[in-house]
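> Below: one structure in structure tokens.
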Amino acid sequence: QVQLVESGGGLVQAGGSLRLSCAASGSIFRINTMGWYRQAPGNQRELVAVFTSDGSTNYADSVKGRFTISRDNAKNTMYLQMNSLKPEDTDVYYCNLVKYGVDYWGKGTLVTVSS
């Protein structure tokens with residue numbers, strides 16, 4: 001099994017920065033992809049940034065140039081550095097890991113950007 005725990009969310013003013021962390025534990029070898037998603041109430045969960053199976057990264061167009069995904073394999077932790085935050089970035093952010101075609105999710109961390 002895989003467990004994912006997000007942290008680092010909070011309230012920030014527009015233009016500010018936050019860094020989210022996702023600590024992974026359990027059987028995390030041979031994963032397919034690992035990334036960040038976000039979801040507002042009533043909306044579908046959408047991709048923010050992801051490490052693909054070959055180690056490359058993909059970003060949503062709305063966050064390109066502002067957000068950076070990274071990971072520390074020694075710590076089994078993935079990060080999302082979010083800069084130049086906008087009110088429309090307000091969402092619950094979820095960590096996702098796909099292994100052998102199975103999706104694993106964290107419980108999410110709330111990011112609120114005030115104008």
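> Near Ala49, within a Cβ-to-Cβ distance under 12 Å, what is the net charge of the other residues, with Lys and Arg +1 and Asp and Glu -1?
Net local charge, Ala49 excluded: +2.
> Give me the 1.4 Å probe accessible area per residue for the chain, excluding ligands and nucleic acids, in Å².
Accessible surface, normalised per residue, equals 54 Å².
> Let's see if you can work this out: charge +1 on each Lys and Arg Cβ, -1 on each Asp and Glu Cβ, no other charges. What is the dipole magnitude of the chain about its Cα centre, in debye to the nearest 20?
200
> So what J values fall out for the stretch 73-90 if you push phi through Karplus, 6.51 cos²θ - 1.76 cosθ + 1.60 with θ = phi - 60°, rounded to Hz, Gly and Pro as x?
3J(HN,Hα) across the stretch 73-90, in whole Hz: 5, 5, 9, 6, 10, 10, 10, 9, 8, 10, 10, 6, 5, 10, x, 6, 7, 5.
> Run the accessible area of the chain with a 1.4 Å probe and give the carbon-and-sulfur part as a rounded percent.
The nonpolar share, carbon plus sulfur, comes to 47 percent.
The values are calculated or read from the model by the stated rules, or taken from the named source; none is laboratory data. Since the structure is predicted, the reported quantities are computational estimates derived from the model, not experimental observations. Don't worry about glycine lacking a Cβ; one is built from the backbone with ideal geometry, like all the others, and counts go over all protein chains shown. All accessible areas refer to the heavy atoms of the entire protein, side chains included, with ligands and DNA or RNA removed. Shrake-Rupley method; radii C 1.70, N 1.55, O 1.52, S 1.80 Å.
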